[in-house]
Structures are given as C-alpha cells and as structure tokens.
Amino acid sequence: MELSQRVKNISPSSTLAITAKAKELKASGIDVIGLAAGEPDFNTPEPIIEAAFKAAKEGQTKYTATSGISELKAAIVQKMARDSHLTISPEEIIITTGAKHALYLTFQALLNPGDEVIIPSPYWVSYTEQVKLADGVPVIVEGLEENDFKVTVERIKEATTAKTKALILNSPSNPTGMIYTADELREIGQYCLKNDIVVVSDEIYEKLVYDGAKAESIVSVVPDLKNQSVIINGVSKSYAMTGWRIGYAVAEASFIKAMTNVASHSTSNPTSVAQYAALAAFNGSQEPVETMRQAFEDRLNQTYEKLVSIPGFKCIKPQGAFYLFPNAKWAAEMTGFTSVTAFVAALVEEAKIAMVPGEGFGSPDNVRLSYATSLDNLNKALERLNTFMENHIK
Ligand SMILES: *Cc1c(COP(=O)(O)O)cnc(C)c1O
C-alpha cells in the first residue's frame, strides 16, 4: 500500500533504535543497564490505584464527557490557583489521553498549512513531528550549551517571520533539565505577546525540580498571555502515572472547544477510571510526589560528579526533570568514533549500557542518560562507562 505523504514526512522516534537493541540483548540473557527510559521507575502510589479500583467497582466504566469529568477539572482549577496563581474556569480545561495528546490536539486546532512553530533545541522528539502532522513547519532555534541550552529573545526574534504562529517552551526541559528564570520568561513572554505568537508551554516536569529551584509558568509571569497560550501538563511524571495516560491543556474556552471537537472524532474521552485515579492524585496527599522528587535529587547528586569525572564527558548540572545531558563529543573522538551516535551504539554492544543519542533531540554532540532508575544501576552503569573509556582511549 502506498503511504500518505503526511506519514512519509515524519521520522520514527530516534530513541526507538537503541531501546530495541537493548531489549534484544536483554532477551538473549545479556545484562544491559537501561538509562534510556523517559519515565519514573516508581510504581503509582497505592491510594491512586485504590481510587481507580473503587471507581471501576462503582460503575465509572462508561464514556465520560469528551473533555473529561467535571470533578477532575475542578481539581485542576484549584491546582492552577495554588501552583501557578492563575484563575481559570472549567471551560478552559480539556483532559486528554496523556500530555502528548494534549500537544497533538493543540497543533491540530492551531495550525494552518505552512504556519511556522518555533521550537528551541534541544527539544523533545515529538514536537517537530506533531507540528508536521498538522501541516505546520517546525523552525528550530538552537539553545546554546554555553547558555545552559536556553534560547534568548534575540534568537527567537531572528527566527520570527510573517508565518510564525507559535513558540513551544518546555521548562524544566527534557532532555536538558534546564529551567527558564522568571526574567527570561518575562522577556520571551512579552515578545510573544507583542508579536501575536501563541506560547505552548509544556510544564510536565514542573514538580521535579532540585536544589531549591522553582519552575514558573510563563503565563504566571506574563498574565496577559492567558488568552494567547496553551499550558500543557499531566500526571505522568509527577505521580509516576505514565501508563494511565492522563494529561490536560489549559487555554481560552473557544480554543478548548476546538480541541475537544478534534478529540471527539479521535480518542473521545480519556479512560474513565484513569481520570478518577488522576483525581485522587490531585486531591490526595502530595507526600509521594515529594518522596519521589527527593529520590531523584539524591540520584542526581550521587551520579553527577561521577559522570563528569569520566574522561571526555562535560555536563551542565540539571535543575529539573530526570535526565543528564552531557556533551560526549570528546568522549567519542578520544575513543575513535566518528559520531556520538556511533559511540552510543558501541556502548550498548560492548559496555552494555543503553543511553539515547542526542541526535533525535536536535543536539548530535550530546547523549541523554535517565536517572529514573536505581542508584545501584546508575553506579554500575557509570563504572562500565569508565572502564569502556579506559580501554578505548587512543
Ligand atoms: C513525557 C513527556 C510528555 C508526555 O507525557 P504523557 O502525559 O505521558 O503523554 C510531554 N512532554 C515532555 C517534555 C515529556 O517528557
């Protein structure tokens, strides 16, 4: 069968090749340490699981409203007031099948063919492909490593054209772990406001911040952006609920209506019992979130120094999320590889450590290591990496 042009235009997730390779080795009994995961290693907190079970028992097993149950929207109204100092109404919320689908619906409802979306690199792999699926044009603006991988307003200005429709901001960032300061957000937000650029703010790692850092929403910093922005968030990362598939978007009511219309012809509502689970996540004790955050911070602190003491690796210390994103260009060169991607492939084969090459995030000199795994695994992986370097440095 001949495939559509639309589908031919998107590339499969670059992270898949390495994950597949690691799985293959594991299946054949080889002990590969996976540092490629983009999800918390913890199980969902027990009370959340209980709430889903109870909802199912009580018959919450039917279709819900496409945009989600009103109790969950009410909980999000409260959460937005508490965490972001934003007053919103339930009509300004859609509950979606994960934050990923909230982003997908956003671009479907926002873009006309040829509309440009500014995407700072390094970026999360799905942004570019989702924009293309909506007939938009991704415009990559490089966040330089010497500027903590963050883009400046000058760079955004240079990339702006008459066709610029939106800017995607992801703070804390996957893959870099960097957080934009309030001053940086203010500058970028005011520029977008003046130039009619919609800000799509992906705040999924909001709760996973370290060393006293705070991740603010650009809409809290520039409140006038409220009707010119889409805030994306969800329960996957903060509550260790990736498999439940619950995310949400906050935007002006007419835009939410358009997103809901697209959802009504694709997924319909997100899973009913998962919505009740998310409700319990928001309304229950927030202690599990803090416990997991502390575990991530502890792992970060225990692995960061070890990583940067390995020859060839240079790394900015992340402020949030659960990834390290070192520059491994020297490490690859020192060991005779022509690219970081080839170096990472050799690491899987020989050192039995799976990491994600930075290529797919638009940053080919870097590599992403997830610390959403046990300290034991992390220590073993770094030892293997060190040994590999010692054996191969020319
Ligand atoms: C994990 C992730 C998402 C998607 O989360 P889901 O709610 O599981 O769909 C969105 N954005 C970024 C940057 C992520 O890392």
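Points to keep in mind about this one:
- Phi to ³J(HN,Hα) by Karplus 6.51 cos²θ - 1.76 cosθ + 1.60 over the range 329-342, Hz, x for Gly, Pro: 4, 5, 4, 5, 5, 4, 9, x, 9, 7, 8, 5, 4, 5
- Helical contribution to [θ] at 222 nm, DSSP H n ≥ 4, -39,500 (n - 2.57), averaged over the chain, rounded to 500: -13000 deg cm²/dmol
- Under 18 Å from Lys165, Cα to Cα: lysines that are on another chain or at least 8 residues apart: Lys132, Lys157, Lys194, Lys226
- Here the Kirkwood formula puts the hydrodynamic radius of the chain at 21.8 Å, using every distinct Cα pair.
- Within the accessible area of the chain, the carbon and sulfur atoms contribute 51%, probe 1.4 Å, all protein chains present.
- For the range 333-388: rounded, prolate or oblate by the Cα gyration tensor [a/c cutoff 1.5]: oblate
- Computed over protein heavy atoms with a 1.4 Å probe, the accessible surface of the range 62-283 works out to 38 Å² per residue.
- The range 62-283, relative contact order [Cα under 8 Å, separation at least 6], %: 28
- Stokes-Einstein D (µm²/s) once Rh is taken as the Kirkwood radius of the range 62-283 over alpha-carbon pairs, at 10 °C in 1.306 mPa s: 92
- The mean sequence separation of alpha-carbon pairs under 8 Å and at least six residues apart, normalised by the residue count of the chain, gives a relative contact order of 23 percent.
- Solvent-accessible surface (1.4 angstrom probe) belonging to Ser264, in square angstrom, nearest 10: 50
- Residue-count net charge about Asp31 - beta-carbon cut-off 15 Å; Lys, Arg +1, Asp, Glu -1: +1
- Remark on Gly34: its backbone amide H falls under 5 Å from those of Ala354, a criterion applied only to residues 5 or more positions apart or on other chains, H modelled at 1.01 Å from N.
- Computed from phi, the 3J(HN,Hα) profile of the range 217-234 under the Karplus parametrisation 6.51, -1.76, 1.60 (θ = phi - 60°) reads 7, 4, 6, 5, 6, 10, x, 5, 6, 3, 9, 9, 8, 10, 8, 10, 7, x Hz, with x in place of Gly and Pro.
- Span-like helix criteria (full DSSP H runs; alpha carbon extent of at least 15 Å along the helix axis; mean Kyte-Doolittle hydropathy of at least -0.5) are satisfied in the chain by 15-27, 46-57, 70-84, 98-110, 253-264, 272-283.
- Solvent accessible area, Å² - Asp41, 1.4 Å probe, full protein context: 70
The values are calculated or read from the model by the stated rules, or taken from the named source; none is laboratory data. What you see is a predicted model; the values in this text were computed from it and never measured. As a convention, Cβ positions derive from the backbone with ideal geometry for all residues, glycine included, and neighbour counts pool all protein chains shown. Accessible surface is based on the protein model in full, side chains and every heavy atom, while ligands, DNA and RNA are left aside. Shrake-Rupley method; radii C 1.70, N 1.55, O 1.52, S 1.80 Å.
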